[in-house]
1. For residues that are open to solvent by 30 Å² or more (accessible area, probe 1.4 Å) and assigned to a helix (DSSP H, G or I), tally how many sit in the stretch 229-250.
2. Give the number of residues within the stretch 188-203 that are more than 16 Å from the ligand (Cβ to nearest atom) and open to solvent by less than 20 Å² (accessible area, probe 1.4 Å).
3. Would you mind telling me which numbered condition in (1) of a type in the set (Asp, Glu); (2) open to solvent by 60 Å² or more (accessible area, probe 1.4 Å); (3) under 22 Å from Thr241 (Cα atoms) Asp40 fails?
4. Among the residues of the stretch 62-118, count how many are within 27 Å of Met219 (Cβ to Cβ) and either of a type in the set (D, E, K, R) or touching a Cys at 6+ places or on another chain (Cβ under 8 Å) (or both).
5. Identify all residues within the stretch 218-228 that are touching a helix residue (DSSP H, G or I) at 6+ places or on another chain (Cβ under 9 Å) and either assigned to a helix (DSSP H, G or I) or open to solvent by 50 Å² or more (accessible area, probe 1.4 Å) (or both); write none if there are none.
6. So which of Leu154, Leu178 is part of a helix (DSSP H, G or I), under 20 Å from Asp260 (Cα atoms) and aliphatic (A, V, I, L, M)?
7. Determine whether Thr253 is surrounded by 15 or more Cβ atoms within 10 Å (Cβ to Cβ) and part of a helix (DSSP H, G or I).
8. Got a number for residues in the stretch 256-280 being touching a strand residue (DSSP E or B) at 6+ places or on another chain (Cβ under 9 Å), open to solvent by less than 50 Å² (accessible area, probe 1.4 Å) and of a type in the set (A, V, I, L, M, F, W, C)?
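The values are calculated or read from the model by the stated rules, or taken from the named source; none is laboratory data. Small disclaimer: the values here were computed from a predicted structure and weren't measured. Every residue, glycine among them, receives a Cβ derived from its backbone with ideal geometry; neighbour counts consider all protein chains shown. Protein only, heavy atoms only, side chains kept; ligands, DNA and RNA dropped before computing areas. Shrake-Rupley method; radii C 1.70, N 1.55, O 1.52, S 1.80 Å.
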Amino acid sequence: MAFGSLTIIGVGGMGQAVLRRLGAGRRVLLADFHEGTLADVAAAAAADGYDVTAQHVDVSAPESVAALAARAQSLGLVEHVVHTAGVSPVQAPVDAVRRVDLLGFALVLEEFGQIIAPGGAGVFISSMSGQMAAGRIPAEVEAALATAPVEQLLALPFIAGLTDAGTAYSIAKRGNQLRVQAASLDWGARGARVNSISPGVISTAMGQQELAGGSGAQMRAMVEASATGRLGTPEDIANATAFLLSPDASFITGTDLLVDGGVVAALATVQRRAAEGQAG
Ligand SMILES: NC(=O)c1ccc[n+]([C@@H]2O[C@H](COP(=O)([O-])OP(=O)(O)OC[C@H]3O[C@@H](n4cnc5c(N)ncnc54)[C@H](O)[C@@H]3O)[C@@H](O)[C@H]2O)c1
């Protein structure tokens, strides 16, 4: 049974699935940058009997995130927070990817880490592209992504120097995983847990836009070569989120759960077999 409220940041495909999976019978705070989407999702949820409050937020603006955290606190104990807000390389230029996916994520993680209730938990959505970037980023860069003060993140030379939205997205998503790892100590000091989820290709508005973009054919090929051979659904992510927020995951914090239908495993295995073939 829930003892406090659920905050969902980003009410696109994944945020809406989380609302329907976890929102019944408790206070839910919905937040998004897009006023129209937010109003529509909140109205539909209220009509279906959910107890929802809506607040506009720009996750890349510190004062906006602070106001959201204050609103969450005004609803009582902040038991669960699920951060799904983001932009993809097809949707946004490099600067927006940096601000929303790297800075915004870090701001929400920090603000909610200061108000999460004891016994509470958070799930923050990263991406399998972050897992793919792991190992390709120098150790000192990873260290800075994990622990640099949030207000310095965008000024880090390797972040400020990025010119390609796709590369910025991968680095931001790797940064998300590292940041959650580091933040788990602060959340733990409050008796709370925090984890990230790295989705594969999920059939939301964002996922469909990416599939229709320049890398779409490559993404489809990766999905077809994976063990499940299918796109993910928003419910696949909501189910993993429900697990990580539940008491079943009480020994799990500071980690990243890959929910990609086996894409990363297939890619790694194909590469290893190719390397073995060349060596043999
Ligand atoms: N869909 C996929 O295939 C996929 C794959 C891997 C990772 N992800 C990640 O999952 C998360 C959720 O994606 P989704 O598929 O639900 O996308 P979506 O586009 O359906 O929803 C994202 C929501 O974030 C909101 N948003 C954008 N900028 C914002 C800002 N500055 N402040 C507040 N809200 C903002 C948008 O208005 C939108 O409602 C994102 O972080 C995305 O990078 C998605």
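1. The number of residues fulfilling the criteria is 6.
2. Going residue by residue through the stretch 188-203, those that are more than 16 Å from the ligand (Cβ to nearest atom) are 188-193.
Still in the list and also open to solvent by less than 20 Å² (accessible area, probe 1.4 Å): 192.
The qualifying residues number 1.
3. All conditions are met except number (3).
4. Looking only at that region, the number is 4.
5. We begin by selecting, within the stretch 218-228, every residue touching a helix residue (DSSP H, G or I) at 6+ places or on another chain (Cβ under 9 Å); these are 219-220, 222-223, 225-228.
Within the stretch 218-228, Met219, Arg220, Met222, Val223, Ala225, Ala227, Thr228 qualify.
6. Values: Leu154 fails: under 20 Å from Asp260 (Cα atoms).
It is Leu178.
7. On the way: surrounded by 15 or more Cβ atoms within 10 Å (Cβ to Cβ): yes; part of a helix (DSSP H, G or I): no.
No: the conditions fail for Thr253.
8. So in the stretch 256-280, the residues touching a strand residue (DSSP E or B) at 6+ places or on another chain (Cβ under 9 Å) come out as 256-261, 264-265.
Narrowing further to those that are open to solvent by less than 50 Å² (accessible area, probe 1.4 Å): 256, 259-261, 264.
Narrowing further to those that are of a type in the set (A, V, I, L, M, F, W, C): 259, 264.
The number of residues fulfilling the criteria is 2.
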